[in-house]
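Asks: First the structure, then my questions, so here it is.
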Amino acid sequence: MISRMPWWIRVPLLFFAIWILLEYFVDTSGKPAVMEYPVTLFFLLLALVLLIAIEAIVAAVENVMFRSLSPEAQERYLANKNKKREWKWGKDMYKRLTRSRSIEREGEIILDHNYDGIRELDNVLPPWWVGLFYATIVFGAVYLVRFHILDDYTQAEEYEMEVAEARLAIEEYKKTAKDLVDVNTVVVLTDAGDLAAGKAIFETNCVVCHMADGGGGIGPNLTDDYWILGGGIKNVFRTISEGGRDGKGMVAWKTSLKPAEMAQVSSYVLQFQGTTAANPKAPEGEIWIDPDAPAPAEVQADSTATESEQWDPDSYSGETNTDWEGESSSTESDN
């Protein structure tokens, strides 16, 4: 069997091709398959052993067949096997693109110029270079007409468009890249999977101080409206990330938990508010009011406006209207 590629090159190439296909078809969320699923390492080792075994079998069969040939056939086989492969198409293409002359034919293009024994050759410019030169001329003409005659978009406008596209791409990326969340961008997570992950983190790291039902122990009660460092998702996220009060507060978890994990456990902690703990700790801190929530006066004003808008004087009968007006008149007379 004639092979143009030695086995010590063919086996690694096939092995890495199998590895790449394995990484492509096995979904590991960005991690190497051999790290996420150790069984794939066994599969790769098995594939490598099989490739080596196949090469050994093929070499043995070739050796047996070679020994069975006559001396003349063996010579023809070896001559054909050791024959160098010529890439005729590539050579022809190279000649057409460069139009170069071989050394044997350089005498046809030698000029009369002689500089201390150095002769000059009258080589033509390579066709690929000439083609690119004419392409730049066409490009320049199109650019001139488009941007200087027809007044298409300017460089400043192009910059603004590309920045806007980049911002949209960043926002789309942030929607799926949860680990980019910080105290300024964190929001309350309501997905059941995120809350379940937050519960697992809480039960692993936080129940020692806050109890499983959030009633508090060493740490404060999480079920009431009192907060030492402020409530709400942003304050809770900051407290978990940076830690509590110096010397007596919670440690900073930013070195142990990822931003996405801190957002999950922060959202789970907020689920305790309004619940009843088995043995709640006394309130600590101050009642926290969400600054983004509508003020009570605004709510009352809206409610009053709604009631006044619903009252329709035409819905009352004439007798009732007369009594109401009479009562107002008597009141004014008493005053």
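All of the numbers you see were taken from the coordinates with simple rules; none came from a lab. The model shown is predicted, which means the values in this text are computed figures rather than measured ones. So basically every Cβ, Gly included, is an ideal-geometry build from the backbone, and we count neighbours across all protein chains shown.
Asks: With the calculation restricted to Cα positions, what are the radius of gyration and Dmax of region 116-259 in angstrom?
Replies: Cα only, region 116-259: 31.4, 100 Å (Rg, Dmax).
Asks: Here is a further query. Evaluate the Kirkwood expression for the hydrodynamic radius of region 7-81, namely the inverse of the mean inverse distance over all pairs of different C-alpha atoms, and round to one decimal in Å.
Replies: Values: mean 1/r = 0.0668 Å⁻¹.
Averaging 1/r across every pair of different Cα atoms and inverting gives 15.0 Å.
Asks: Can you give the three extents of the C-alpha atoms in region 90-143 along their principal axes, from longest to shortest, in whole Å?
Replies: 47, 30, 13
Asks: Sticking with this structure for a sec: Of all chymotrypsin sites (Phe, Trp or Tyr not before Pro) in region 1-88, which ones are in loop regions per DSSP and have a Cβ with at most 12 other Cβ atoms within 10 Å? Numbers along the way, then the final one.
Replies: On the way: sites: Trp7, Trp8, Phe15, Phe16, Trp19, Tyr24, Phe25, Phe42, Phe43, Phe66, Tyr77, Trp87; in loops: Trp87.
Within region 1-88, the qualifying chymotrypsin sites (Phe, Trp or Tyr not before Pro) (loop, at most 12 other Cβ atoms within 10 Å) are Trp87.
Asks: What dipole magnitude, in Debye to the nearest 20, does region 1-112 give about its Cα centre under +1 on Lys/Arg Cβ and -1 on Asp/Glu Cβ? Don't skip to the end; give the middle numbers.
Replies: Working: 16 positive and 13 negative charges, 82 e Å.
Around 400 debye, computed over region 1-112.
Asks: About the Cα centre of the chain, how large is the charge dipole given +1 on each Lys and Arg Cβ and -1 on each Asp and Glu Cβ? Please answer in debye to the nearest 20. Can you show the working numbers first?
Replies: Numbers: 30 positive and 52 negative charges, 999 e Å.
Computed charge dipole of the chain: roughly 4800 debye.
Asks: So which of Lys199/Lys281; Lys258/Lys281; Lys254/Lys281 end up more than 23 Å apart, counting from Cα to Cα?
Replies: On the way: Lys199/Lys281 21 Å; Lys258/Lys281 29 Å; Lys254/Lys281 27 Å.
Lys258/Lys281; Lys254/Lys281, as the Cα separations exceed 23 Å there.
Asks: Could I ask something else about it? With θ taken as phi - 60° and the coefficients 6.51, -1.76 and 1.60, list the Karplus ³J(HN,Hα) couplings across region 33-45 in order, rounded to whole Hz; mark glycine and proline as x.
Replies: So the J values, rounded to whole Hz, are 4, 5, 8, 6, 10, x, 5, 5, 5, 4, 5, 5, 5.
Asks: Tell me, which longest segment in the chain has none of the trypsin sites (Lys or Arg not before Pro) that fall in DSSP loops with at most 16 further Cβ atoms within 10 Å? Walk me through the numbers on the way to the answer.
Replies: On the way: sites that count: Arg4, Lys83, Lys84, Arg85, Arg99, Arg101, Arg245, Lys248, Lys254.
That would be 102-244.
Asks: Now for a different question. Would you be so kind as to identify which of Asn184, Gly285, Phe15 lies farthest towards the positive end of the dipole of the chain, taking Lys and Arg as +1 and Asp and Glu as -1 on Cβ and the Cα centre as origin?
Replies: Phe15
Asks: Taking the dipole about the Cα centre of the chain, with the C-beta of Lys and Arg at +1 and of Asp and Glu at -1, give me whichever of Tyr77, Gln155, Trp128 is farthest to the positive side.
Replies: Tyr77
Asks: Turning to a different aspect of this structure: What is the Cα convex hull volume of region 1-130 when expressed per residue in Å³? Walk me through the numbers on the way to the answer.
Replies: Values: hull volume 32.5 nm³, N = 130.
Convex hull of Cα atoms, per residue: 250 Å³.
Asks: Here's a follow-up. Which GluC sites (Glu not before Pro) from region 64-151 combine a DSSP loop assignment with at most 10 other Cβ atoms within 10 Å?
Replies: Working: sites: Glu72, Glu75, Glu86, Glu104, Glu106, Glu108, Glu120; in loops: Glu86.
Loop-located and lightly packed - Glu86.
Asks: Mind pulling up the Rg/Rh value for region 192-287? Radius of gyration and Kirkwood radius, both on Cα.
Replies: Value, to two decimals: 0.92.
Asks: Separate question: Work out Dmax and Rg for the chain from the C-alpha atoms and quote the Rg first, both in angstrom.
Replies: Final numbers for Rg and Dmax: 41.5, 141 Å.
Asks: I need the Debye-formula profile for region 140-201: one equal scatterer per C-alpha, no solvent, reported as log10 I(q)/I(0) at q = 0.23 1/Å, two decimals.
Replies: Once normalised to I(0) and log-transformed, intensities are -1.00.
Asks: In region 202-288, with Lys and Arg counted as +1 and Asp and Glu as -1 at Cβ, which of these residues, Gly247, Ile228, Gly216, has the Cα nearest the positive end of the dipole, that is, farthest along it?
Replies: Selected residue: Gly247.
Asks: Quick one: what does P(r) look like for region 60-101 with 10 Å bins over all Cα pairs, in whole %?
Replies: In whole percents, the pair-distance histogram is 24, 29, 16, 18, 13.
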